[in-house]
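A.B. asks: Dumping the structure here so I can ask a few things about it.
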Amino acid sequence: RAMGAPSWMDKPLRVTEIFVSIQGESTWAGAPCVFVRLTGCGVRCSYCDTPYAYDGGEIMTVGEVVARCRAGAPRLVEITGGEPLEQEHCPALAQALLDSGFTVLCETSGTQPIARLPEAVIKIVDFKCPGSGVEHRNDWSNVDALTARDEVKFVIGDRVDYEWSCANVHAYNLDQRCHAVLFAPVFGRIAPRTLAEWIVKDGLPVRFQIQIHKYVWPPDQRGV
């Protein structure tokens, strides 16, 4: 370690992939972004589109990951997974990226405490609907840790998921607690138009989104 470098730069992470692409989701959709996909996930949603991140990966230090991110042009980084917060040193990586001048997003399920992350990280919390099969894993105490820069996402596969999501938006006043509430269709399970029409009809205080990278590139293509 270089003289004076923070000790967390030596901390190990298991990394599935690091790549540069267009941000496909959230209010940051369309922006060039470096993605750091950490390995491992004990959540296992029924519609998971990254099962290749469940295991394997490469051991890298926080410092090595930051160096890879610096090699890319974008100054926006998203830490994702898997479930990135299952890794002990994910918060250290986030802080190191912030210290290097990056805007840092962290896409995480609602199953892990987001308060572990530095406050300046933009948390995108994907609470799990009934259709995910893991609704019982949601940690609703995360609502209290949301800030005005964070975002909440519900991935919706049917009308039951939609009504459940609407109820929780209202119960927790989510549109007042964070920057945006996102409603997204499960790719291939519900037509985007159907969800969009429900949102419009009900006048919800949410933002409709689709995974735009799955329309630009083949939906099962890695590294995009």
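The values are calculated or read from the model by the stated rules, or taken from the named source; none is laboratory data. Every value quoted in this text rests on a predicted model; they were computed, and no experiment measured them. Neighbour counts run over all protein chains shown; Cβ positions are idealised from the backbone, glycine included. Please note that ligands, DNA and RNA were not included when accessible areas were found on the heavy atoms of the full protein model with its side chains. Shrake-Rupley method; radii C 1.70, N 1.55, O 1.52, S 1.80 Å.
A.B. asks: In nm, give the distance between the simple-model label positions of Thr194 and Ile59, each being 7 Å from the Cα along the Cα-to-Cβ direction.
C.D. replies: Inter-label distance under the simple model: 4.6 nm.
A.B. asks: To continue, here is another question. Ranked by accessible surface with a 1.4 Å probe, highest first, in what order do Glu83, Glu64, Glu17 come? Could you put the intermediate results ahead of the total?
C.D. replies: Working: Glu83 5, Glu64 95, Glu17 25 Å².
Largest to smallest exposure gives the sequence Glu64, Glu17, Glu83.
A.B. asks: Also, quick follow-up: Of the residues Arg189, Arg207, Arg70, which exhibits the maximal mean-square fluctuation in a Gaussian network model of the chain defined by a 10 Å Cα contact cut-off?
C.D. replies: Result: Arg189 has the largest fluctuation of those listed.
A.B. asks: Further question on the same structure: May I have the pair-distance distribution P(r) for the stretch 1-158, computed from all Cα-Cα distances with 5 Å bins from 0 and rounded to whole percent?
C.D. replies: 2, 9, 19, 23, 22, 15, 7, 3, 1, 0, 0, 0
A.B. asks: Here's another thing I want to ask about it. With an 8 Å cut-off on Cα pairs and a minimum separation of 6 or more residues, tell me the relative contact order of the stretch 8-160 in percent.
C.D. replies: In percent, rounded to a whole number, it is 21.
A.B. asks: With each pseudo-label sitting 7 Å past Cα toward Cβ, what's the Tyr52-Ala73 distance in nm, one decimal?
C.D. replies: 2.4 nm
A.B. asks: While we're here: Using per-residue counts of other Cβ atoms within 10 Å, averaged over each peptide, order 50-56, 182-188 from highest down.
C.D. replies: Top to bottom by mean Cβ count within 10 Å: 182-188, 50-56.
A.B. asks: Here is a follow-up. Out of the total accessible area of the chain (probe 1.4 Å, heavy atoms of protein only), what percent is carbon and sulfur? Please report the intermediate quantities before stating the final value.
C.D. replies: On the way: 5080 of 9930 Å².
Its accessible area is 51 percent carbon and sulfur atoms.
A.B. asks: Could you size up the charge dipole of the chain around its Cα centre, putting +1 on the beta carbon of Lys and Arg and -1 on that of Asp and Glu, and report it in debye to the nearest 20?
C.D. replies: Numbers: 22 positive and 27 negative charges, 73 e Å.
Taking the Cα centre of the chain as origin, the dipole is about 360 debye.
A.B. asks: While we're looking at this one, here's another question. HN-Hα J couplings of the stretch 138-151 from phi, Karplus 6.51/-1.76/1.60, θ = phi - 60°, integer Hz, Gly and Pro as x?
C.D. replies: Once θ is set to phi - 60°, the couplings for the stretch 138-151 become 4, 10, 6, 5, 4, 4, 5, 9, 5, 10, 5, 9, 7, 9 Hz.
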